[in-house]
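Remarks on the structure that follows.
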């Protein structure tokens, strides 16, 4: 189970415990102290979650909207995940995503890397307009070669 999912479920359970303690007819002092303990645990857990998630790739299924970006790096862990570091056109900071392992996607990423290396271009990726599922695969591609600059006319007019 992914770390993020475990932490979300833990936070939900602690919140339910806090609500239950507030609703149960316990003596006021016990209810107050138990609420403080559960609330403090929840706050400490959220802080630890934030600190732990810094620097880790975000699950791609949490990314919404259409994302088209340049691929800075790809790291594949066979059978687990494909980690990609992306740079969106409008951003100066890279985005780290973790895509669930899929043999077809891994092969497409490797083929795009080889083609981009042969062409002297970069690798791009397009993620669909909704969170990624098994049916909505990311599309890796080699960016096309830039068009050569226009040729200057060999014809010279008068005075040249």
Condition test on residue 111, is it farther than 21 Å from residue 59 by Cβ, surrounded by 15 or more Cβ atoms within 10 Å (Cβ to Cβ), assigned by TED's automatic domain parsing to the domain that holds residue 69 and modelled with pLDDT of 90 or more?
no
Checking the condition in contact with a helix residue (DSSP H, G or I) (Cβ under 8 Å, 6 or more places away or on another chain), in a helix (DSSP H, G or I) and either loosely packed, with under 10 Cβ neighbours inside 10 Å or modelled with pLDDT under 70 (or both), which residue from 41, 10, 49, 15 passes?
49
Reported set for the stretch 119-149 where residues are modelled with pLDDT under 85 and closer than 17 Å to residue 87 by Cβ is 127, 138
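The values are calculated or read from the model by the stated rules, or taken from the named source; none is laboratory data. Just so it is clear, the structure is predicted and the values come from calculations on it, not from any experiment. Positions of Cβ are backbone-derived with ideal geometry, glycine not excepted, and every protein chain shown enters the neighbour counts.
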